[in-house]
Amino acid sequence: MAHFLYISDVFCPWCYGFSKNIAQIKKEFNLPFEVYGGALVEPAVSLAHRLKNNPNLSIFIEKMYNITGIKISDAYERLMRSDISHTIYMDSRKASHLFYVLKHFKPEFALEIIEFLQDIFYEQGKDVFLDDTIIEFSKQYQINSDDIFTYYKTKESEELSYNEIEKGFEILGEVILYPTLYYVENGNNHFISRGYVQYEECKNKIIEVMNKIKTGNTTISPELMGKSCTLDGKCE
């Protein structure tokens with residue numbers, strides 16, 4: 001079945017900034033989304049350490065807002081500068097494990113779930129690894145929270161989530177960049193975009209790829225590359 005494959009990361013700010021565009025894509029094309037969590041922040045780093053090494057946080061937030069129209073909240077910035085920031089860690093493998101567990105219970109909402117986790121961090125300014133995250137999710141999707149906590153603690157869920165990260169690496173190839181979007185048809189991944197891309201550009205690329213598949217055109221068009229950022233706060 002035709003669908004989109006989206007490789008994202010809970011702690012990727014450009015993925016958070018792309019959330020409005022990706023939601024429009026889902027609405028416009030009305031196709032399912034397969035979503036993999038990534039490993040942008042590896043090894044884990046505390047918020048205090050991140051801020052110490054990247055002091056221009058406010059400038060980065062403003063720059064990202066000017067590009068995406070999505071504003072990382074004051075609550076996030078307060079969390080980064082708080083007295084407890086040394087106890088809170090960005091850990092993408094752990095976050096992708098949590099994402100995998102949540103989507104295990106509601107796979108049809110995979111896109112919404114990864115955005116739910118990004119919202120907790122970048123909008124609500126909270127630690128995504130608090131028990132409150134699972135409790136809030138269970139209420140929103142009407143699932144017994146005990147079932148989620150139980151599965152979250154299993155070795156199986158951890159191994160499966162890590163396998164999915166590795167599968168994402170294989171798909172991405174030499175360029176590991178979040179977010180990355182593919183259109184999938186007949187088992188073939190057709191590259192759409194990497195990084196933050198404006199909605200109209202992304203939409204036109206999807207239509208172009210769909211039309212080429214219909215006509216049997218195998219010509220590969222230039223890659224659609226957008227904005228991205230590294231953990232040092234630089235945007236390229």
- [ ] Would you check if there is a residue in region 194-208 being at pLDDT below 95, β-branched (Val, Ile, Thr) and not in a helix (DSSP H, G or I)?
- [x] yes
TODO: Can you give me the number of residues within region 146-160 that are of a type in the set (Val, Ile, Thr) and either assigned to a helix (DSSP H, G or I) or surrounded by 12 or more Cβ atoms within 10 Å (Cβ to Cβ) (or both)?
DONE: 2
Open item on the list: Of the residues 31, 79, 40, 5, only one is surrounded by 14 or more Cβ atoms within 10 Å (Cβ to Cβ), at pLDDT 95 or above and within 20 Å of residue 133 (Cβ to Cβ); which?
Closed with: 79
TODO: For region 27-69, enumerate the residues that are acidic (Asp, Glu), more than 20 Å from residue 95 (Cβ to Cβ) and either free of Cβ contacts under 8 Å to residues at least 60 places away in the same chain or not in a helix (DSSP H, G or I) (or both).
DONE: 62
Open item on the list: Cβ-Cβ distance below 8 Å, separation of 6 or more or different chains: which pairs start in region 85-103 with a residue that is at pLDDT below 95 and end on one that is not in a helix (DSSP H, G or I)?
Closed with: none
Task: Matching option when the condition is within 20 Å of residue 33 (Cβ to Cβ), open to solvent by less than 40 Å² (accessible area, probe 1.4 Å), without any contact (Cβ under 8 Å) to a residue 60 or more places away in the chain and in a loop (DSSP other than H, G, I, E, B), among 72, 143 - done: 143
TODO: Test residue 96 against the stated conditions and say whether it is buried (at least 18 other Cβ atoms within 10 Å of the Cβ), on the phi < 0 side of the Ramachandran plot and not in a loop (DSSP other than H, G, I, E, B).
DONE: yes
Open item on the list: Need the failing condition index for residue 11 against (1) assigned to a helix (DSSP H, G or I); (2) under 27 Å from residue 161 (Cα atoms); (3) among the aromatic types (Phe, Trp, Tyr), just the number.
Closed with: (1)
Open item on the list: Given the criterion under 25 Å from residue 120 (Cβ atoms) and touching a Leu at 6+ places or on another chain (Cβ under 9 Å), identify the matching residue among 165, 176.
Closed with: 176
TODO: Might you check whether a residue that is open to solvent by less than 40 Å² (accessible area, probe 1.4 Å), within 23 Å of residue 44 (Cα to Cα) and in contact (Cβ under 8 Å) with a residue 12 or more places away in the chain occurs anywhere in region 190-200?
DONE: yes
Task: Residue that is exposed (fewer than 15 other Cβ atoms within 10 Å of the Cβ), among the charged types (D, E, K, R) and not in a loop (DSSP other than H, G, I, E, B), where the choices are 132, 119 - done: 132
- [ ] Kindly establish whether residue 155 is among the basic types (Lys, Arg), modelled with pLDDT of 95 or more and more than 25 Å from residue 63 (Cβ to Cβ).
- [x] yes
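The values are calculated or read from the model by the stated rules, or taken from the named source; none is laboratory data. All figures in this text were calculated on a predicted structure; none of them were measured in a lab. Virtual Cβ from ideal backbone geometry, glycine too; neighbours counted across all protein chains shown. Protein only, heavy atoms only, side chains kept; ligands, DNA and RNA dropped before computing areas. Shrake-Rupley method; radii C 1.70, N 1.55, O 1.52, S 1.80 Å.
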